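Notes follow the structure.
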Amino acid sequence: MTNHVSILGSTGSIGTQALDVVRKRGINVTALCVHNNVELLEKQAREFAPQLVAVFDKNRFNDLKARLADTPIRVEAGMDGLCACATESQCDTVLTSVVGMVGLVPTLCAIEAGKNIALANKETLVAGGELVMAAAKRKGVKILPVDSEHSAIFQCLESSPRKEALKRIILTASGGPFFGKTLEALKSVTKAQALNHPNWSMGQKVTIDSSTMMNKGLEFIEAKWLFDLTPEQIDIVVHRESIVHSMIEFQDNSIIAQMGVPDMRIPIQYALTYPERYESPVEQLSFAQYPKLTFFEPDYKTFLCIDICRDAIRRAGVFPAAANGANEAAVQLFLDDKIAYYDIPFAVREAMENAPQKSSVTLEDIFEADRAAREFVLEKHA
């Protein structure tokens with residue numbers, strides 16, 4: 001169980017819910033970092049009294065330092081600040097809940113420092129899965145998934161110590177706000193519609209990814225690395241109610257599912273208290289309130305991003321990093337009203353196809369592929 005935690009991305013959706021868990025479980029907070037929300041970070045720092053806080057946006061450093069001038073809390077900024085939080089000497093677990101590629105380097109730093117990772121940053125494994133998992137194995141640290149789907153798989157796999165017994169895993173997807181729509185119908189989607197998720201409350205980028213089902217494609221790649229599987233061992237099913245968080249199937253065709261109300265505090269708490277289970281702040285699941293649970297095959301012809309990601313991990317190399325970087329750029333263009341919603345998957349596909357084939361990948365290769373994919377999207381679509 002975690003005794004001392006550093007939280008990267010403490011003011012986001014996952015970070016604030018993690019602090020709710022920390023508050024109830026009495027876990028010590030050693031470091032907090034944010035992108036630029038120094039107002040909320042100040043409140044968190046005064047409540048949890050960490051040794052260190054950091055703001056990624058260097059323009060907010062002086063503001064944050066002034067806000068905490070009457071405290072003994074150390075203040076850092078930029079990528080160096082994130083890495084300092086990730087390697088803070090007293091912490092034993094680093095919860096990485098920042099959004100985007102910015103999470104990769106701090107996660108690698110934390111692993112090198114011998115910290116266990118509670119992982120809520122998809123891009124870390126999507127872009128750098130091979131490097132991250134190799135480093136974790138070499139350093140003997142745990143990668144504990146926080147995403148509800150991967151946490152569900154992780155929990156289900158604990159029922160069988162033999163990997164040979166596993167046939168496949170089944171990731172569930174809510175289907176987002178556009179379930180049942182055609183590709184043609186997506187041409188008229190507005191930003192407000194795309195940000196209106198039916199089941200989960202998340203940040204803007206993650207919510208858009210859920211609506212395009214890119215998040216499920218990214219989770220497909222992430223699952224391959226987390227659980228050491230082939231792409232053929234990973235399936236996806238649309239489950240509108242978000243009660244079954246994912247499933248595993250054994251060689252005898254029996255299936256085990258992890259279920260619960262759609263509340264991220266369950267997987268967050270389990271990642272922080274593993275292998276123990278404690279009373280949760282989440283409401284108890286009442287099956288009477290959900291008399292029908294539905295399951296559907298994903299519409300791959302409409303939601304193109306799933307197959308883009310599936311293709312990227314099969315091709316390996318820097319293709320997943322390119323797909324991820326292109327998606328981040330395309331989503332931001334959509335949020336900035338510079339491209340249509342319908343354009344997102346096509347921009348991602350084009351940029352990924354433009355990436356070079358490499359037999360082995362370094363950290364520099366990953367960042368170069370990410371940079372090139374973003375530039376490609378901006379040059380062609382901005």
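The values are calculated or read from the model by the stated rules, or taken from the named source; none is laboratory data. Not measured: the values here are computed from a predicted model. Every residue, glycine as well, gets a Cβ built from its backbone with ideal geometry; the counts of neighbours run over all protein chains shown. All accessible areas refer to the heavy atoms of the entire protein, side chains included, with ligands and DNA or RNA removed. Shrake-Rupley method; radii C 1.70, N 1.55, O 1.52, S 1.80 Å.
Could you say which residue among GLU368, GLU375, GLU350 is touching a Phe, Trp or Tyr at 6+ places or on another chain (Cβ under 9 Å) and either surrounded by 19 or more Cβ atoms within 10 Å (Cβ to Cβ) or farther than 18 Å from ASN215 by Cβ (or both)?
Numbers: GLU368 fails: touching a Phe, Trp or Tyr at 6+ places or on another chain (Cβ under 9 Å); GLU375 fails: touching a Phe, Trp or Tyr at 6+ places or on another chain (Cβ under 9 Å).
Within the list GLU368, GLU375, GLU350, the selection yields GLU350.
Counting only residues that are touching a Pro at 6+ places or on another chain (Cβ under 7 Å) and in contact (Cβ under 8 Å) with a residue 60 or more places away in the chain, how many does the stretch 148-177 have?
At the first step, the residues of the stretch 148-177 found to be touching a Pro at 6+ places or on another chain (Cβ under 7 Å) are 148, 151, 154, 173-174, 177.
Right, trim to in contact (Cβ under 8 Å) with a residue 60 or more places away in the chain and you get 148, 151, 154, 173-174.
Qualifying residue count, the stretch 148-177: 5.
Any residue in the stretch 5-28 that is farther than 15 Å from TYR270 by Cα sitting within a Cβ distance under 7 Å of a residue that is assigned to a helix (DSSP H, G or I) and open to solvent by 10 Å² or more (accessible area, probe 1.4 Å)? List the pairs, counting only those 6 or more apart or interchain.
Going by the 7 Å Cβ cut-off, the qualifying pairs are SER10/GLN44; THR11/LEU40.
Of everything in the stretch 266-300, what is open to solvent by 50 Å² or more (accessible area, probe 1.4 Å), at pLDDT below 95 and in contact with an Asp or Glu (Cβ under 7 Å, 6 or more places away or on another chain)? Give them in sequence order.
TYR290
Under the condition of being outside any helix (DSSP H, G or I) and within 19 Å of PHE227 (Cα to Cα), which residue from the stretch 96-126 is most open to solvent (accessible area, probe 1.4 Å)? Give the derivation first.
Going residue by residue through the stretch 96-126, those that are outside any helix (DSSP H, G or I) are 96-100, 113-121.
Checking the rest, the ones that are also within 19 Å of PHE227 (Cα to Cα) come to 96, 116-121.
On the way: THR96: 1, ASN116: 42, ILE117: 0, ALA118: 0, LEU119: 3, ALA120: 17, ASN121: 1 Å².
Selected residue: ASN116.
Taking only pairs six or more apart or across chains, which ones have beta-carbon atoms under 8 Å, a first residue in the stretch 271-285 that is under 22 Å from ILE117 (Cβ atoms), and a second residue that is open to solvent by less than 60 Å² (accessible area, probe 1.4 Å) and assigned to a loop (DSSP other than H, G, I, E, B)?
ALA271/VAL146; LEU272/THR2; LEU272/ILE27; THR273/THR2
For the subset of the stretch 203-249 comprising residues that are surrounded by 18 or more Cβ atoms within 10 Å (Cβ to Cβ) and among the polar types (S, T, N, Q), which member is farthest from PRO177 (Cα to Cα)?
Ranking the qualifying residues of the stretch 203-249, first place goes to SER246.
Based on this model, can you work out whether SER246 counts as closer than 30 Å to ALA329 by Cβ and assigned to a strand (DSSP E or B)? Steps first, please.
Values: closer than 30 Å to ALA329 by Cβ: yes; assigned to a strand (DSSP E or B): yes.
Criteria met by SER246.
Taking only pairs six or more apart or across chains, which ones have beta-carbon atoms under 7 Å, a first residue in the stretch 65-84 that is under 11 Å from LEU32 (Cα atoms), and a second residue that is among the basic types (Lys, Arg)?
Correct list of pairs: VAL75/LYS65.
Looking at the stretch 156-185, which of the residues that are in contact with a strand residue (DSSP E or B) (Cβ under 7 Å, 6 or more places away or on another chain) and closer than 21 Å to PRO345 by Cα is most open to solvent (accessible area, probe 1.4 Å)?
This residue is PHE179.
Of the conditions (1) closer than 20 Å to LYS224 by Cα; (2) in a loop (DSSP other than H, G, I, E, B), LYS338 satisfies every one except a single condition; which number is it?
(1)
Please specify each residue of the stretch 50-64 satisfying the condition of being touching a residue at least 24 places away in the same chain (Cβ under 8 Å), within 29 Å of ARG265 (Cβ to Cβ) and open to solvent by 20 Å² or more (accessible area, probe 1.4 Å).
GLN51, PHE56, ARG60
Look at VAL75 and say whether it is open to solvent by less than 40 Å² (accessible area, probe 1.4 Å) and either farther than 19 Å from VAL146 by Cα or touching a helix residue (DSSP H, G or I) at 6+ places or on another chain (Cβ under 6 Å) (or both).
Details: open to solvent by less than 40 Å² (accessible area, probe 1.4 Å): yes; either farther than 19 Å from VAL146 by Cα or touching a helix residue (DSSP H, G or I) at 6+ places or on another chain (Cβ under 6 Å) (or both): yes.
So VAL75 fits the description; yes.
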